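The values are calculated or read from the model by the stated rules, or taken from the named source; none is laboratory data. Given the structure is predicted, the values throughout are model-derived calculations rather than measurements. Every residue, glycine among them, receives a Cβ derived from its backbone with ideal geometry; neighbour counts consider all protein chains shown. Note: accessible area is taken over every heavy atom of the protein model, side chains too, but ligands, DNA and RNA are not part of it. Shrake-Rupley method; radii C 1.70, N 1.55, O 1.52, S 1.80 Å.
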Amino acid sequence: MNTQELTTNVEKALEEIRPFLKSDGGDITLISIEDDKHVTVRLEGACIACSVNQMTLKAGVETTIKKFAPQIETVVNIA
């Protein structure tokens, strides 16, 4: 999978989980993909102050991204 396909797949993953985040007043933005295996995102809105945002990041966001792009190794949130 080339870089453009990877970016498209990561965006598709974010589109799949975005409705769940928006239903709680949050959102997510793709910031970057480094070395075709490390994704940086920004949780936004209510997700910033949510006490379980790290669980959302690992259990929801990272799992969904890896489903669409299995070569992704890490997903991190920047404030």
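Per-residue Karplus couplings for region 67-74, computed as 6.51 cos²θ - 1.76 cosθ + 1.60 with θ equal to phi - 60°, are listed in order as 5, 7, 9, x, 6, 5, 9, 9 Hz, Gly and Pro entered as x. Annotation: residue 31 carries an accessible surface of approximately 70 Å², with a 1.4 Å probe and no ligand, DNA or RNA atoms counted.
Estimated from helices alone, the mean residue ellipticity of the chain at 222 nm is -11000 deg cm²/dmol (sum of -39500 (n - 2.57) over DSSP H runs with n ≥ 4, per residue). Once the Cα atoms are used to define both axes, helix 3-23 deviates from the longest principal axis of the chain by about 20 degrees. Note on region 23-79: antiparallel DSSP beta bridges, both residues inside, total approximately 65 percent of the bridges counted.
Classification of region 1-44 by its C-alpha gyration tensor yields an oblate form. The axis ratio a/c (a ≥ b ≥ c) is 1.5 or more, and b/c is at least a/b. Carbon-plus-sulfur accessible fraction, the chain (probe radius 1.4 Å, protein heavy atoms only): 55%. Less than 5 angstrom separates the built amide H of residue 47 from those of 26, 27, all sequence-distant by 5 or more or on a different chain.
Tell me, what is the FRET efficiency for residue 54 and residue 27 to the nearest 0.05, using R0 = 25 angstrom and their Cβ-Cβ distance as r? Mind showing how you got there, number by number?
Details: r = 17 Å, r/R0 = 0.67.
The calculated FRET efficiency here is 0.90.
With protein chains left intact and a 1.4 Å probe, residues in the chain average 57 Å² of accessible area per residue. Residue 56 contributes about 50 Å² of solvent-accessible surface, heavy atoms of the protein only, 1.4 Å probe. Annotation note: trypsin sites (Lys or Arg not before Pro) in the chain located in DSSP loop regions with a Cβ neighbour count of at most 15 within 10 Å are 37.
First check a/c for the chain, with a ≥ b ≥ c the square roots of the eigenvalues of its C-alpha gyration tensor; if it is under 1.5, answer rounded, and if not, answer prolate when a/b is larger than b/c or oblate otherwise. Can you show the working numbers first?
Values: a/c = 1.99, a/b = 1.75, b/c = 1.14.
Since a/c reaches 1.5 and a/b is larger than b/c, the shape of the chain is classed as prolate.
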